[in-house]
Amino acid sequence: KKAKRGGVISFRIDRVASDYTTDFYKSNLPENIIRLYTQNGIKPSRGIMCGINQQNISEFLSEYDFYNSNNYKGIAFSDWYDNKLNTYYLLSPFKDYLPKHYLYIEYSGSKQILYTLDDKVQINGELYNIICVLLKDYDLALKRCRGGHGDGFIKLSLRDGICFKNDTAISEDEFKKTIKELDSYIVTQFVRPQQGLREICGENSFAVLRVITLFSQEKQSSEVAAIIIRLGTTKSGPTQAKHDHIYAGVNMIDGKLFNPIYEINDYNYFQTDIHPETERLIEGYKIANLDLLKSIVCQIADYVPFTPYLVFDIVPTDNSFAILEINSHGQPFIVEPYYRIKNNPTFREIFEIAD
């Protein structure tokens, strides 16, 4: 009822209500603190992560504002980003900054249909054999065209003749079964982070930037409003959808990481300068090629001004970077320990925000 009165768009009301209800029972917060958060549109687990209290709560974005029906800009174009194949074609002018895309796979009736996305990939054979050929040169990422939070994500690797699925060895029969079940999937190169980040996180852990861009109608140009990074562990696995990973802010001038926060679960965070497994220093590590990244994401945001608020997930690589996906109304809340997005003037130009 509170979400509805707060103007939350209809298809987000259940999400907000279920999140708040779950946190009420699992966060172990005093009831007066939970009430403070939920009355002000703050998910309690987010309140814990950001250290939100009575004195600073006005600095943080209310979910009732962010999910307000008036604040869904460019919703007619959301399918550009909700379908990863659409995003791939939309960003064809920027294909040098995307992972290599090889195949699109779907079922038509009982038949698995293949479409090549790379003229070097021949599809005149069985999918199993095509995947095996690709795995000789690259680890592969298999992604559902629709959906988020890592739902259905599969990483495939071939090491010494053994296939690994999400870094766990599997039999040839399991490998073939996995391939046979693919429907509405794209097959891309699995992008490895730059070497320095692999040394910090471990060779098979993820390192993904979250970048927010804003397009100002008044200025007719875009800006980067926030950059953070999520660093994986062996416990977190190959995607960002679980726990046991580290958040860190990225200084948008010099690219250095600051204030790393280790997330054990939704209700347990602590600051740490070092990675909990490798014991390598996180604080102060410098992301390479940051100026190029900022330039390209702003070019993309200028290219699609109809969706003035964009959230990118990007892997920084040794020589450049690779854009994994874009969201046209992605949650900004994980950047708030580092950047108060609510106070950004261009954000307030785009969104109707209560003071």
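Residue count for segment 240-259, restricted to those that are out of contact with any Asp or Glu (no Cβ under 9 Å at 6 or more places or on another chain) and open to solvent by less than 30 Å² (accessible area, probe 1.4 Å): 2.
Table: residues versus (1) more than 20 Å from Pro193 (Cβ to Cβ); (2) touching a strand residue (DSSP E or B) at 6+ places or on another chain (Cβ under 9 Å); (3) assigned to a strand (DSSP E or B).
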{"position": "Val224", "(1), (2), (3)": "no, yes, yes"}
{"position": "His243", "(1), (2), (3)": "no, yes, no"}
{"position": "Leu292", "(1), (2), (3)": "no, yes, no"}
{"position": "Cys298", "(1), (2), (3)": "yes, yes, no"}
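Among the residues of segment 92-109 satisfying the criterion of being more than 23 Å from Asp151 (Cα to Cα) and out of contact with any strand residue (DSSP E or B) (no Cβ under 7 Å at 6 or more places or on another chain), which is modelled with the lowest pLDDT? In this case the residue turns out to be Gly109.
In segment 317-333 there is at least one residue that is loosely packed, with under 15 Cβ neighbours inside 10 Å, acidic (Asp, Glu) and within 26 Å of Val187 (Cβ to Cβ). Looking only at residues in segment 95-129 that are of a type in the set (Lys, Arg) and more than 20 Å from Asn83 (Cα to Cα), which one is nearest to the chain's Cα centre (by Cα)? For segment 95-129, the residue satisfying everything is Lys120. Filtering segment 89-102 for residues that are closer than 28 Å to Leu310 by Cβ, part of a helix (DSSP H, G or I) and touching a Phe, Trp or Tyr at 6+ places or on another chain (Cβ under 6 Å) leaves a non-empty set. For first residues located in segment 301-318 and outside any strand (DSSP E or B), partners that are open to solvent by 10 Å² or more (accessible area, probe 1.4 Å) and small (Gly, Ala, Ser) and lie 6+ apart or on another chain with Cβ distances below 6 Å form the pairs Ala301/Ser222; Asp302/Ser222; Phe306/Gly74; Thr307/Gly74; Thr307/Ser328. Every test in (1) in contact with an Asp or Glu (Cβ under 6 Å, 6 or more places away or on another chain); (2) surrounded by fewer than 19 Cβ atoms within 10 Å (Cβ to Cβ); (3) under 21 Å from Ile296 (Cβ atoms) is passed by Ser222 save one, and that test is (2). Candidates are the residues of segment 130-168 that are open to solvent by less than 40 Å² (accessible area, probe 1.4 Å) and of a type in the set (Val, Ile, Thr); the one that is nearest to the chain's Cα centre (by Cα) is Ile154.
Each row is one residue, and each column tells you yes or no for (1) at positive phi; (2) at pLDDT 90 or above; (3) charged (D, E, K, R).
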| position | (1), (2), (3) |
| --- | --- |
| Lys143 | no, yes, yes |
| Phe164 | no, yes, no |
| Asp167 | yes, no, yes |
| Glu174 | no, yes, yes |
| Glu203 | no, no, yes |
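Going by the conditions given, is Leu61 out of contact with any strand residue (DSSP E or B) (no Cβ under 8 Å at 6 or more places or on another chain) and open to solvent by less than 30 Å² (accessible area, probe 1.4 Å)? It is true that Leu61 is out of contact with any strand residue (DSSP E or B) (no Cβ under 8 Å at 6 or more places or on another chain) and open to solvent by less than 30 Å² (accessible area, probe 1.4 Å).
Restricted to segment 260-273, and to residues there that are β-branched (Val, Ile, Thr) and surrounded by fewer than 17 Cβ atoms within 10 Å (Cβ to Cβ), the residue that is nearest to Ala288 (Cα to Cα) is Thr272.
Listed here are the residues, each with its yes/no results for (1) among the aliphatic types (A, V, I, L, M); (2) in a loop (DSSP other than H, G, I, E, B).
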residue: Val133; (1), (2): yes, no
residue: Gly148; (1), (2): no, yes
residue: Glu174; (1), (2): no, no
residue: Thr188; (1), (2): no, no
residue: Leu197; (1), (2): yes, no
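Taking residues in segment 111-131 that are over 25 Å from Leu98 (Cα atoms), and partners anywhere that are assigned to a loop (DSSP other than H, G, I, E, B) and open to solvent by 50 Å² or more (accessible area, probe 1.4 Å), the pairs with Cβ atoms closer than 9 Å and at least 6 places apart or on different chains are Gln112/Asp183.
Selection over segment 169-195 of residues that are more than 30 Å from Phe347 (Cα to Cα) and open to solvent by less than 20 Å² (accessible area, probe 1.4 Å) gives a count of 9.
The values are calculated or read from the model by the stated rules, or taken from the named source; none is laboratory data. Bear in mind that the values here come from a model prediction, so they are computed numbers and not experimental data. Neighbour counts run over all protein chains shown; Cβ positions are idealised from the backbone, glycine included. These area figures cover heavy atoms from the full protein model, side chains too; ligands, DNA and RNA do not enter into them. Shrake-Rupley method; radii C 1.70, N 1.55, O 1.52, S 1.80 Å.
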